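Some notes on the structure that comes next.
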């Protein structure tokens, strides 16, 4: 019997069997979907999460929704009040200005390092990676300089020390890299650039916690996503 049955007098009894679920054999991964595919998928998921979080903040500001206190409904502001709140909330603070200035310097050193690769690297993969880093960080420098100009960055003095920036190569390390050729260059370049990228991610993570400007947060999100992906590539080449 396939359903419940009732005995005389209205007493029902459970069915005498339990249906079995057919066994589904494990499907092996498709070619090319191994460790490298997993790293690419994780990088894509990271970019999507970071982009979604930034989009939520933009939407909240655009539509004037402001969360209420615990137990209270969210407050919807008028267009004028929302614009005022958006301007107040988005005002750059000292952390935003310091990040832009330091990351410009940080990226500039990376470009100095990648400029050596075409003539000194032995590996074609290292040369292509260096070109990729240069192509990403050059425009980012331009964007950050434009942001500083738009927000009167020249009038907002902040103090920072070159040696305080995480991941920066020392002058001695740069001299060694300039003198290296072939495989020795490849090994040192990857070592220094992985450290350099780790430092940039640290700086970007800190400004997301301490800064206040949405554009700076978006730039930091881009740095985290891009350089996390590049670190995976560099580690695979070592």
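Values quoted throughout were computed directly from the atomic coordinates according to the rules given, and no laboratory measurement underlies them. Quantities reported herein were computed from a predicted structural model and do not represent experimental measurements. Please note: Cβ atoms are built from the backbone with ideal geometry, for glycine as well, and neighbour counts cover all protein chains shown.
Assorted remarks:
- Listed by first and then second residue, the pairs linking a residue in the stretch 200-215 that is outside any helix (DSSP H, G or I) to a residue that is surrounded by 16 or more Cβ atoms within 10 Å (Cβ to Cβ), with Cβ atoms under 6 Å apart and 6 or more places separating them unless they lie on different chains, are 211/95; 211/96; 213/90; 213/92; 213/96.
- Some residue of the stretch 151-163 being closer than 28 Å to residue 235 by Cα, surrounded by 13 or more Cβ atoms within 10 Å (Cβ to Cβ) and in contact with a helix residue (DSSP H, G or I) (Cβ under 9 Å, 6 or more places away or on another chain): no
- Among residues of the stretch 221-238 that are without any contact (Cβ under 8 Å) to a residue 60 or more places away in the chain and at positive phi, none has a Cβ under 8 angstrom from a residue that is part of a helix (DSSP H, G or I) and buried (at least 19 other Cβ atoms within 10 Å of the Cβ) at a sequence gap of 6+ or on a separate chain.
- Total residues in the stretch 104-128, condition more than 18 Å from the chain's Cα centre (by Cα) and buried (at least 16 other Cβ atoms within 10 Å of the Cβ): 10
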